[in-house]
Amino acid sequence: DVKVTQSSRYLVKRTGEKVFLECVQDMDHENMFWYRQDPGLGLRLIYFSYDVKMKEKGDIPEGYSVSREKKERFSLILESASTNQTSMYLCASTQTGRYGYTFGSGTRLTVV
Amino acid sequence: GDSVTQMEGPVTLSEEAFLTINCTYTATGYPSLFWYVQYPGEGLQLLLKATKADDKGSNKGFEATYRKETTSFHLEKGSVQVSDSAVYFCALTSSFGGYSTLTFGKGTMLLVSP
């Protein structure tokens, strides 16, 4: 089975800090995604990448950036964390999308 | 743009009851449709999928049929268990700037009591 591993389950950061969320997949998938999940809003797409060094903005990219230097790793960066970025962050990968995405376990980030 | 509408929860059932969670969608083209499940404190797991009209996806006693004429993909299970308590998300593949992404509904919480 494909595994998508997110480096932290829980993180607490201070306002203004630079935060890195890491995601690694082990099945050579081309496409990787970052979503955030909030109660009543479901999952919203932040950024995605369809190849190494390539990135595309999703629905809510403001306040975030991403990095994909290697095929298996996709990092989400909060340049200056704010309290409204407190959320559950989910990483996913897929080869074609047609048959589904594989998700990591999520990182619950709290910004204080 | 593409969108998914799910019934609002929570859905509260007794063990062994019949479950239906409604899902309708708006999309261009011919999307694939999915149900994902999220257990407390965990990420999303793919529950079942259907890639074309009239396909029926099934897994762990859950079923859903891709109905293009009614743009629906309702999730059903004949007899729920306490262990089915979770949040269920309906999703479809959609085009985003020429790329394929997943668009999700807002999720439906299911609570099953003994």
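The values are calculated or read from the model by the stated rules, or taken from the named source; none is laboratory data. What you see is a predicted model, and the numbers here were worked out from it, not measured in a lab. Cβ atoms come from the backbone with ideal geometry, glycine included; neighbour counts cover every protein chain shown. What goes into the accessible areas is simple: the full protein's heavy atoms, side chains included, and nothing from ligands, DNA or RNA. Shrake-Rupley method; radii C 1.70, N 1.55, O 1.52, S 1.80 Å.
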- [ ] Just the number, please: carbon plus sulfur as a percent of the accessible area of chain B, 1.4 Å probe, no ligands or DNA/RNA counted.
- [x] 50
Task: Listed residues B:Met7, A:Met88 arranged by accessible area, highest first, probe 1.4 Å - done: B:Met7, A:Met88
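Provide the buried accessible surface between chains B and A in square angstrom, both chains summed, 1.4 Å probe, rounded to the nearest 100. Intermediate values should be presented prior to the final figure.
Values: alone 6300 and 6380 Å², together 10850 Å².
In total, chains B and A hide about 1800 Å² from solvent.
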Task: Intensity falloff of the protein assembly as shown expressed as log10 I(q)/I(0), Debye formula with alpha-carbon point scatterers, at q = 0.07, 0.12, 0.13, 0.16 Å⁻¹ - done: -0.22, -0.64, -0.75, -1.10
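Just to confirm a number: summing +1 for Lys and Arg and -1 for Asp and Glu over residues other than A:Ser75 whose beta-carbon lies under 11 angstrom from that of A:Ser75, what do you get?
Charge balance in the 11 Å sphere: +2.
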Task: Greater than 28 Å apart at Cα, pairs in A:Lys53/B:Lys52; A:Lys13/A:Lys57; A:Lys70/B:Lys60; A:Lys53/B:Lys49; A:Lys55/B:Lys77; A:Lys3/B:Lys68 - done: A:Lys53/B:Lys52; A:Lys70/B:Lys60; A:Lys53/B:Lys49; A:Lys55/B:Lys77; A:Lys3/B:Lys68
Open item on the list: Can you compute log10 of I(q)/I(0) for the stretch B:45-114 with the Debye formula, treating each Cα as one identical point scatterer, at q = 0.13, 0.28 Å⁻¹?
Closed with: -0.43, -1.40
- [ ] Starting from the residue with the highest accessible area, list B:Ser72, B:Ser83 in decreasing order, probe 1.4 Å.
- [x] B:Ser83, B:Ser72
Task: Residue-level accessible surface for A:Asp28, protein heavy atoms, 1.4 Å, Å² - done: 100
Task: Separation in nanometres of the label points that stand 7 Å from Cα toward Cβ, at A:Ser7 and A:Ile60 - done: 2.3
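Given 0.36 nm per residue, what is the gain on full extension from A:Asp38 to A:Ser82 after removing their alpha carbon distance, in nm?
Values: separation 44, 0.36 × 44 = 15.84 nm, distance 1.52 nm.
Answer, rounded to one decimal: 14.3 nm.
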Open item on the list: Need one word for the stretch A:35-105: rounded, prolate or oblate. Basis is the Cα gyration tensor (sqrt eigenvalues a ≥ b ≥ c); a/c below 1.5 gives rounded, then a/b vs b/c decides.
Closed with: oblate
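Would you work out what percent of the accessible area of the stretch A:1-62, with all protein chains in place, is carbon or sulfur (probe 1.4 Å)? Display every interim value, and only then the final one.
Values: 1750 of 3540 Å².
Within the stretch A:1-62, the accessible surface is 49 percent carbon and sulfur.
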